[in-house]
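Notes follow the structure.
The values are calculated or read from the model by the stated rules, or taken from the named source; none is laboratory data. None of these values were measured; they are calculated from a predicted model. Cβ sites come from the backbone with ideal geometry, for glycine too, and all protein chains shown count toward neighbours. Just the protein is used for accessible areas: all its heavy atoms, side chains included, with ligands, DNA and RNA removed. Shrake-Rupley method; radii C 1.70, N 1.55, O 1.52, S 1.80 Å.
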Amino acid sequence: MSTAPSPVPAGVGRGPDAAAGPAEQGARRSRAHTRRSARRGAGAACAALMTSFFLLLVLVFLLPVGVAVWLSFFGDDQPGLGFGPERTVFTGLRSYRAVLTDPTFLRGLGTTALYCLVHLPLMVVLSLALALLLDSGAARLRRTAQLALFLPHAVPGIIAAVIGLYLYTPGLSPVIGLLDSAGVRVDLLGVDTVLPSVVNIALWSNLGYNVVIFYAALQAVPREVTEAALVDGAGPVRTALLVKVPLVRGSAVMVVLFTLIWSLQLFTEPMLLSQASPVVGARWTPNMYIYDAAFTRNNYGLAAAASVVLLAVTVALSYAVGRWSTRGARPGGPGRPGEGGPR
């Protein structure tokens with residue numbers, strides 16, 4: 001006995017659009033088309049922005065680095081016991097050996113390292129302390145203080161160095177004249193004081209910029225967190241050190257990284273101070289060594305090799321700072337209770 005197949009109910013075993021009417025199907029297709037168009041538009045905008053970034057990266061960084069690396073393998077040579085015409089010849093690693101065995105370059109690296117050890121902690125601690133003070137309720141005339149701190153950063157570095165040179169030169173400086181009238185003899189451009197003098201100029205110029213970075217980060221700290229700390233009995237100092245400072249750790253890492261890179265490029269301040277102090281020689285820092293090799297000795301291969309060495313040192317130290325900053329963010333890292341870190 002055969003039975004007729006039962007009719008399939010509408011919408012069963014069919015696609016999602018089977019039970020929908022033509023109007024609803026059209027609306028769904030329209031929404032899907034709109035989403036695809038939005039994704040394509042976002043992808044095109046992202047591609048345009050990334051193209052601009054990579055273009056600038058190639059023109060401003062990769063191309064100059066490539067030219068410096070190329071020049072570092074060549075040098076000028078004079079055949080015929082030095083009486084023939086100069087010609088550019090391939091020298092291989094000779095310029096690198098000359099740089100790495102030159103005591104003046106190594107001494108300049110040591111001077112820059114000492115400058116970083118003094119300048120970097122002072123910059124981070126002072127800028128963070130001033131930002132915490134501005135963020136606290138005890139600060140008065142907050143906007144005026146922010147402007148006064150940031151205003152020196154608007155002054156070009158060479159003008160700041162000229163101001164420092166004026167304030168450090170005996171016979172011109174009102175500060176030294178005031179100290180002399182009080183019976184205090186000090187040589188701000190001496191052997192033991194010229195490095196702190198350079199650090200002072202750099203602090204005056206860049207302190208306000210880093211204060212703004214920290215202050216912006218502190219403004220993003222949830223007020224509920226600080227209010228909860230106050231309710232728990234923490235005073236203003238403990239709240240600042242134990243609650244606010246850990247929450248602006250990312251900004252602290254950025255300030256450390258930027259300050260380190262700027263410190264390794266130290267050039268303008270000592271270059272001007274060398275006009276008034278015999279302590280600061282023509283090769284006092286690596287950048288001054290590069291300038292002297294290129295424009296005083298006309299040895300472009302040596303200058304290029306020194307530039308590549310300084311770039312390698314900067315990249316290595318920046319990478320070390322980046323690795324150090326991400327230690328606590330990895331699973332099981334320190335400061336993550338319950339994930340292998342100390343409790």
Problem - segment 146-159 residues that are free of Cβ contacts under 8 Å to residues at least 40 places away in the same chain and farther than 11 Å from V212 by Cα, paired with ones that are open to solvent by 50 Å² or more (accessible area, probe 1.4 Å) and of a type outside the set (A, V, I, L, M, F, W, C) (beta carbon under 7 Å, 6 or more apart) - result: none
Practice task
Would you mind finding the one in W284, W262 that is at pLDDT 90 or above, assigned to a loop (DSSP other than H, G, I, E, B) and not polar (S, T, N, Q)?
Solution key: W284
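Conditions (1) modelled with pLDDT under 85; (2) within 24 Å of the chain's Cα centre (by Cα); (3) within 30 Å of E227 (Cα to Cα), marked per residue:
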| residue | (1), (2), (3) |
| --- | --- |
| Y96 | no, no, no |
| G110 | no, yes, no |
| P121 | no, yes, yes |
| V125 | no, yes, yes |
| R143 | yes, no, yes |
| G157 | yes, yes, no |
| A161 | no, yes, no |
| Y166 | no, no, no |
| G171 | yes, no, no |
Exercise for the section: For E269, indicate whether it is over 19 Å from V124 (Cα atoms), in a helix (DSSP H, G or I) and open to solvent by 50 Å² or more (accessible area, probe 1.4 Å). Expected result: no
Completion exercise
When (1) open to solvent by 60 Å² or more (accessible area, probe 1.4 Å); (2) at pLDDT 80 or above are applied to T88, the one that fails is (2)
Exercise for the section: Can you confirm whether segment 212-222 contains a residue that is at pLDDT 85 or above, open to solvent by 30 Å² or more (accessible area, probe 1.4 Å), assigned to a helix (DSSP H, G or I) and over 17 Å from H153 (Cβ atoms)? Expected result: yes
Exercise for the section: With respect to R107, determine if the residue is among the basic types (K, R), surrounded by 13 or more Cβ atoms within 10 Å (Cβ to Cβ) and either touching a Ser or Thr at 6+ places or on another chain (Cβ under 7 Å) or assigned to a helix (DSSP H, G or I) (or both). Expected result: yes
